[in-house]
Amino acid sequence: MFEITLTPSAFDDLYWFRMTDRRIILDGIEEQLSHQPHIVTRNRKRLRPTRVAEWELRIDKFRVFYDLSIVEQWVEVKMVGHKLGNRLVVRGQEYEL
């Protein structure tokens, strides 16, 4: 089982969402990333090199960006945002990956 941590920035990102959305996001993170977060699925994919993170998790309209270590069994959530059409919005601002 992988240990999941959120960066202080990711915590700040979460507080831009309503309480019900936060619960959906946190439940999705726990469900999807605690076991085999390095396996590509319909909701998880490895990203091209970006300045944010190596992996993206899709939870409904939300996007969670994370890095991981298979050897040390940890996942670090770096950023949380949501998709509006083809735009990614983080803390109320459009974000370019």
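Read the figures in this text as sums done on the coordinates, not as results from a lab. Predicted, not measured: the structure shown is a model, and the values here were computed from it. So basically every Cβ, Gly included, is an ideal-geometry build from the backbone, and we count neighbours across all protein chains shown.
Odds and ends about this structure:
- Residues that are surrounded by 14 or more Cβ atoms within 10 Å (Cβ to Cβ), under 13 Å from the mean Cα position of the chain (by Cα) and either in a strand (DSSP E or B) or polar (S, T, N, Q) (or both) do occur in region 13-33.
- Region 1-29 residues that are touching a residue at least 12 places away in the same chain (Cβ under 8 Å), paired with ones that are of a type in the set (Gly, Ala, Ser) (beta carbon under 8 Å, 6 or more apart): Met1/Ser34; Phe2/Ser34; Ile4/Ser34; Asp13/Gly81; Trp16/Gly92
- Residue match in region 58-78 (condition: over 13 Å from the mean Cα position of the chain (by Cα) and assigned to a strand (DSSP E or B)): yes
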